[in-house]
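Novice: Can you keep this structure in mind? I'll have questions shortly.
The values are calculated or read from the model by the stated rules, or taken from the named source; none is laboratory data. Since we're looking at a predicted model, the values are computed, not measured. Cβ coordinates were reconstructed from backbone atoms using ideal geometry, including for glycine residues, and neighbour counts include every protein chain displayed. The area values use the complete protein model at the heavy-atom level, side chains included, leaving out ligands, DNA and RNA. Shrake-Rupley method; radii C 1.70, N 1.55, O 1.52, S 1.80 Å.
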Amino acid sequence: MSKAHNLNRLAYFAAVVETGSFTNAAERLGVTKAVVSSQVTQLEHELKATLLVRNTRKVSATEAGKLFYTRCASILNEAQEAFSELSLLSEQPVGILRMTAPNDYGTAIVAPVVAAFRRKYPDCQVELSLGDDHSDLMSGNLDLAIRVGWLRDSALLARKVGGFRQLLVGGGANAREWARIRHPHELTAAPFIANKALTDPLQWQFEQETGETASVKLQSDLSIDSAPAIMAAVRDGAGLAILPDYLVRDHLASGVLTLVLPDWHLPEGGIFVVLPASKFRAAKVSAFTEMLRQAEKARVRT
């Protein structure tokens, strides 16, 4: 290279590509839109290449921009790893903690823990993405992913921080009707809301403390792919559903929902913090993982 380039401009350019606009990039970086636009324009001038296509609706990368972004992302991730390694020397987590979690668990449990984490570590920023699709941890854009249920085989590292029970629930207004159901096999005649997000949402295995088991294939005329939406439908009398305890606990306590077949149990699932394979584990990751584990312990005790 005949001259040195301002490497800070790589971060401005990458932020625009990742967020899809100069405005969103400015919000992420904590600067004005004008600063982001100026830095990217100067970068294009230095490289003598058009990296972004700008119009009134969106900003997208050109072919050259896409190739350049791939290299930029790698460089920036390496830099973040370097800062993360150095943060291990400090008791205080620093930098941006990027994570993903399922919608229902993320809303009910993770978001309050994030708020507590920010209060305890104000120098650490958090970016939480909620969604039920499994994000690619190997891309380097995430520090951790929270997975709920049963882990698939994976080369990633996972730490179990808690667990949850699956509960068969119905609307509290129909509690007397649900109380007449005494055995899982009687559920085949009851209205049931299936969770489309599950691999087999109608096949369930029940077990009693005595060891008796019952495998039931339920029938359903209503399928929903969101657990909070299923809970809302149950609450409004659409039928029975199987939902995680962390989502329905408060509604069971208030009587809005009622527990059906309380003497029968369904398989329990786990709460996992999944991490990309790495020689170093940043202090921010370890600190958040421990706070989530403590939150799970407190939830089980109450």
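Novice: Straight-line reach from K297: which lysines fall under 24 Å, measuring Cα to Cα and dropping same-chain residues less than 8 apart?
Specialist: Within the straight-line limit of under 24 Å, K297 reaches these lysines: K120, K160, K284.
Novice: Students often check this: by mean Cβ neighbours within 10 Å, which of 25-31, 141-147 ranks highest, and how do the rest follow?
Specialist: Most protected by this proxy first, the peptides run 141-147, 25-31.
Novice: Computing the accessible area with a 1.4 Å probe over protein heavy atoms, can you report the carbon and sulfur percentage for the chain? Could the numbers behind the result be given before it?
Specialist: Details: 8740 of 16960 Å².
Of all accessible area on the chain, carbon and sulfur atoms account for 52 percent.
Novice: Per-residue ellipticity at 222 nm for the chain, helices alone: DSSP H runs ≥ 4 residues times -39500 (n - 2.57), over residue total, nearest 500 deg cm²/dmol?
Specialist: Numbers: 9 runs with 113 residues, N = 302.
Value at 222 nm, helices only, nearest 500: -12000 deg cm²/dmol.
Novice: In nanometres, what is the gap between the two model label sites at Q219 and R301, each 7 Å from Cα along Cα-to-Cβ?
Specialist: Output for this residue pair reads 4.7 nm.
Novice: Something else now. Pick the calculated P(r) over Cα pairs in 10 Å bins from 0, in percent for this structure from (i) 7, 32, 41, 19, 1; (ii) 6, 25, 32, 25, 11, 1; (iii) 5, 22, 25, 20, 15, 9, 3, 1, 0?
Specialist: (iii)
Novice: Got the relative contact order for the chain handy, in percent, Cα pairs under 8 Å and 6 or more residues apart?
Specialist: On the way: 470 pairs, mean separation 64.6, N = 302.
Relative contact order for the chain comes out at 21 percent.
Novice: Further question: By how many nm would the segment from A175 to E18 lengthen if fully extended, with 0.36 nm per residue of separation less the alpha-carbon distance? The partial results should precede the final answer.
Specialist: Numbers: separation 157, 0.36 × 157 = 56.52 nm, distance 4.91 nm.
Working it through step by step, the gained length comes to 51.6 nm.
Novice: How far apart, in nm, are two points set 7 Å out from the Cα along the Cα-to-Cβ line at D236 and at L47?
Specialist: 4.9 nm
Novice: Could you give the length gained by full extension between D123 and S286, i.e. 0.36 nm per residue of separation minus their alpha carbon distance, to one decimal place? Provide the component values of the computation, followed by the final result.
Specialist: Numbers: separation 163, 0.36 × 163 = 58.68 nm, distance 1.53 nm.
Contour length minus Cα-Cα distance gives 57.1 nm.
Novice: Only Cα pairs within less than 10 Å get springs; with that Gaussian network setup on the chain, which residue of L97, L168, L47 has the largest fluctuation?
Specialist: Its mean-square fluctuation being the largest, the pick is L47.
Novice: Where does the charge balance sit around V16 when Lys and Arg score +1, Asp and Glu -1, over other residues with C-beta under 15 Å from its C-beta? Numbers along the way, then the final one.
Specialist: Details: positive: R9, R28, K33, R54, R57, K58, K66; negative: E18, E27, E44.
So the surrounding residues net to +4.
Novice: Stretch E81-A253 to full length: gain in nm at 0.36 nm per residue minus the Cα-Cα span?
Specialist: 57.4 nm
Novice: Sticking with this one: Between E268 and R71, what is the label-point separation in nm under the 7 Å Cα-to-beta-carbon projection?
Specialist: Here the answer is 5.3 nm between the modelled labels.
Novice: Additional query: Please identify the DSSP H helices in the chain that span no less than 20 Å along the helix axis (Cα) and have a mean Kyte-Doolittle hydropathy of -1.0 or more.
Specialist: Values: long enough: 33-47 (21 Å, -0.09); 63-87 (36 Å, -0.12); 283-301 (27 Å, -0.48).
Helices passing the filter in the chain: 33-47, 63-87, 283-301.
Novice: Placing +1 at every Lys and Arg Cβ and -1 at every Asp and Glu Cβ, with all other atoms neutral, what dipole size does the chain have around its Cα centre, in debye to the nearest 20? Walk me through the numbers before you get to the answer.
Specialist: Working: 33 positive and 32 negative charges, 177 e Å.
Using Cβ point charges on Lys, Arg, Asp and Glu, the chain gives about 860 debye.
Novice: Then there is this: What share of all Cα pairs of the range 161-290, in percent, falls into each consecutive 5 Å distance bin?
Specialist: Reading upward from the zero bin: 2, 10, 19, 21, 18, 10, 7, 6, 5, 3, 1, 0.
Novice: What FRET efficiency do you get for R159 and L7 if R0 is 35 Å and r is their Cβ-Cβ distance, rounded to the nearest 0.05? Don't jump to the answer; show the numbers that get you there.
Specialist: Details: r = 34 Å, r/R0 = 0.98.
With R0 = 35 Å, the Cβ-Cβ based efficiency is 0.50.
Novice: Let me ask another. Please work out, to two decimal places, the log10 of the ratio I(q)/I(0) at q = 0.10, 0.20, 0.22 Å⁻¹ from a Debye calculation in which every Cα of the range 31-117 carries one identical scatterer.
Specialist: -0.47, -1.04, -1.07
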